[in-house]
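Q: Have a look at this one.
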Amino acid sequence: MSADELFSRHSQPTIVEYSGKVPVEHLDYDYIEKCKDVKYLEKILKVLRSGDEGVYPHLMKFCESHLEKLDPKSRALRKENPVATAASLPKEEWTQIVDELTTWQEEVKRTENSLKQETIYDALVKENIPPVRGSNCFVPVSQNSVPNGRRNPSKCALPRDYREWDKFDVEKECEKIDESVVNTDPPAILNTGYPKIKTKVDVSLLPQQEKLLLANREKDKGNEAFRAKDYGEAVAYYSRSLSIIPTVAAYNNRAQAQINLKNWHNAMRDCQRVLELEPGNMKALLRRATVYNHMGNFQLAADDLRMVLRDEPHNVTATQLLSEVEKKLSERQPEQRRKGKKILIQEIEEEDDNSNNETTAQQTGEMFLSLEKSIVLFLIYTHRHRDYKHAYQHLRF
């Protein structure tokens, strides 16, 4: 085969198979220069770097440069950075790193020695207090928690024979042990719960910027407690925020927490405060309507809800609550009408009673007049006429 035929064969487009092995004929300057397939060039470069077909540093550099022209971001061109050593860093930087490591090592050794020399429970051992039950601490053998003065060794020798055990009085020995034990442990303190959160914060010495930051932080704590459904704690944190800087958001949030706790009067107070600071606040109006609804003031609740829907017609919560309030109002109106009818009936009954009383009084008066008349006639007939027969006739009424 002549050289021209070989060159023409190399110049023809070759079918690249990525799965097969790279032929030795492709490890050539002319083939690499004419090849435009990036993936196949990466495979050729991998073979050259492996050294399986020999070491060709110039050909490897040529392949890398040609691949960089075709695809500068090729993965095959990436090179791992070597590990930093004293030779790769400047002398001053390396000296600073060594000094810092040496200083850290000395501090760690110093701390370790101090911890070995001083145990945490030295004070407890000196006060003859036993270690906490269930903890990993221990009392050294040389230092016993029981002082020597309290030790009460038995005077009698322990029995050495089985027959001596029959004479051993167990109850007496138990009484001696009970008498020798002295209870020095302090009474247990029961944990009655978490400490009460103070609702006021003294910020008289802080500047305005720090006050604002602290107020927002306390309000965020209240929001976290509210999301955890701990409404009592949320009220406490909102109160702390309001004691620093009163804001509409904190008042609104505390009103909602008070509603969830069913503290209607406190919630009403917070809603009124919001509306004083910002008249027409939608959240405050909606929450005040909720409070009015629970307190039975349905008409006032309906007024607040209509104000909300005037500005926010698509407010679903306000729409549902308004329909509920209007339903309660419609149920209350027939009751009021029925009560009005009863009042009318009662008035008519009172008029009948008055007429009956008048007739009774009239009858009583006439009876007294007839009685008085008969008595007068009786006296006339008895004293003047001595006519006792007619006198007794006038007394029969």
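Q: Working with all protein chains in place, sort SER50, SER241 by solvent-accessible area computed with a 1.4 Å probe, largest first. All intermediate terms of the calculation are to be shown ahead of the outcome.
A: Working: SER50 60, SER241 0 Å².
Sorted by accessible area, descending: SER50, SER241.
Q: According to the square roots a ≥ b ≥ c of the eigenvalues of the Cα gyration tensor, what is the shape class of the stretch 296-335, taking rounded for a/c under 1.5, prolate for a/b larger than b/c otherwise, and oblate for the remainder? Don't skip to the end; give the middle numbers.
A: Working: a/c = 3.14, a/b = 2.10, b/c = 1.49.
Prolate, because a/c is 1.5 or more and a/b exceeds b/c.
Q: Heavy atoms of the protein only, probe of 1.4 Å, neighbouring chains included. What is the accessible area of LEU59 in Å², nearest 10?
A: Accessible surface of LEU59 is approximately 10 Å².
Q: For LYS61, what accessible surface area do you get with a 1.4 Å probe? Give it in Å², rounded to 10.
A: Roll a 1.4 Å probe over it and LYS61 shows about 140 Å².
Q: Distance cut-off 21 Å, Cα to Cα: go down the list LYS21/LYS69; LYS34/LYS61; LYS34/LYS69 and report the pairs above it. Don't skip to the answer; put the middle values down first.
A: Working: LYS21/LYS69 24 Å; LYS34/LYS61 16 Å; LYS34/LYS69 12 Å.
Checking Cα-Cα distances, LYS21/LYS69 exceed 21 Å.
Q: On to the next question. Note down the accessible area of MET282, probe 1.4 Å, to the nearest 10 Å².
A: 40
Q: Could you put TRP104, TRP264, TRP94 in order of accessible surface area, largest first, with the 1.4 Å probe and the full protein assembly present? Write out the running numbers ahead of the final one.
A: Values: TRP104 160, TRP264 55, TRP94 95 Å².
Putting TRP104, TRP264, TRP94 in descending order of accessible area: TRP104, TRP94, TRP264.
Q: Sort TYR231, TYR238 from largest to smallest accessible area, using a 1.4 Å probe on the heavy atoms of the protein chains.
A: Details: TYR231 55, TYR238 5 Å².
Listed by decreasing accessible area, they come as TYR231, TYR238.
The values are calculated or read from the model by the stated rules, or taken from the named source; none is laboratory data. In this text, all values refer to a predicted model and were calculated from it rather than measured experimentally. In case anyone asks, the SASA skips ligands and DNA or RNA and just uses the protein heavy atoms, side chains included. Shrake-Rupley method; radii C 1.70, N 1.55, O 1.52, S 1.80 Å.
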